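First comes the structure, then the notes that go with it.
The values are calculated or read from the model by the stated rules, or taken from the named source; none is laboratory data. Here the structure is a predicted model, which is why all the values come from computation and not from measurement. Every residue, glycine among them, receives a Cβ derived from its backbone with ideal geometry; neighbour counts consider all protein chains shown. The protein model used for the area step is the full one, side chains on, heavy atoms only, and it has no ligands, DNA or RNA in it. Shrake-Rupley method; radii C 1.70, N 1.55, O 1.52, S 1.80 Å.
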Amino acid sequence: MNTQPTASETDPVAVLTAMYEAESRYLAAGGPGEASFEPLAPYFAHDVVLHQADALPYGGTWRGHEGMVRFFLAMAEAWESFEIGEQEFFATGDTVFVRSEVQARARATGRELAFPVLQSIAVRDGRIAEVWPFYWDTAAIAAVCE
């Protein structure tokens, strides 16, 4: 039995593409608070770290699988809808930069906002280990949510 991961299991872009597909299924199944995080868990290292800008309603540093579950819950509290549109992937070694176009509607205000986000994502041993999202205008995002 071969226990070595295949190239598609360790290629950073393939890992992220598969994770985004699993995330879509997770959200379609009810998402945070309703669907199980288990289908997403294999894509994240057990000690994953997600850094969100402090100015955002879901700002702070989220650690491990439990942190990811809490992060998804915080996102669901902030956003009634959060659709990721066009994405571009730029890989360099084990780091992938993902530019995404987002269309979202704030739960508290019902206001909509379209914005870009660029994420620096480190993939180690076929799992997402660290994520740094960079937003063009965190003040606009926070204002829509207030």
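Some observations on this one:
- Of all residues in region 21-38, none satisfies being within 25 Å of Phe89 (Cα to Cα), touching a strand residue (DSSP E or B) at 6+ places or on another chain (Cβ under 8 Å) and either surrounded by 15 or more Cβ atoms within 10 Å (Cβ to Cβ) or at pLDDT below 95 (or both).
So that you can scan it fast, the table gives a plain yes or no per residue for (1) without any contact (Cβ under 8 Å) to a residue 24 or more places away in the chain; (2) closer than 24 Å to Arg25 by Cβ; (3) over 16 Å from the mean Cα position of the chain (by Cα):
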| site | (1), (2), (3) |
| --- | --- |
| Thr61 | yes, no, no |
| Val69 | no, yes, no |
| Met75 | no, yes, no |
| Ala78 | no, yes, no |
| Ser100 | yes, yes, no |
| Val117 | yes, yes, no |
| Ala129 | no, yes, no |
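- The numbered conditions (1) over 12 Å from the mean Cα position of the chain (by Cα); (2) open to solvent by less than 50 Å² (accessible area, probe 1.4 Å) are all true for Gln87 except (2).
- Per-region count, region 119-140, residues open to solvent by 70 Å² or more (accessible area, probe 1.4 Å) and either part of a strand (DSSP E or B) or at positive phi (or both): 5
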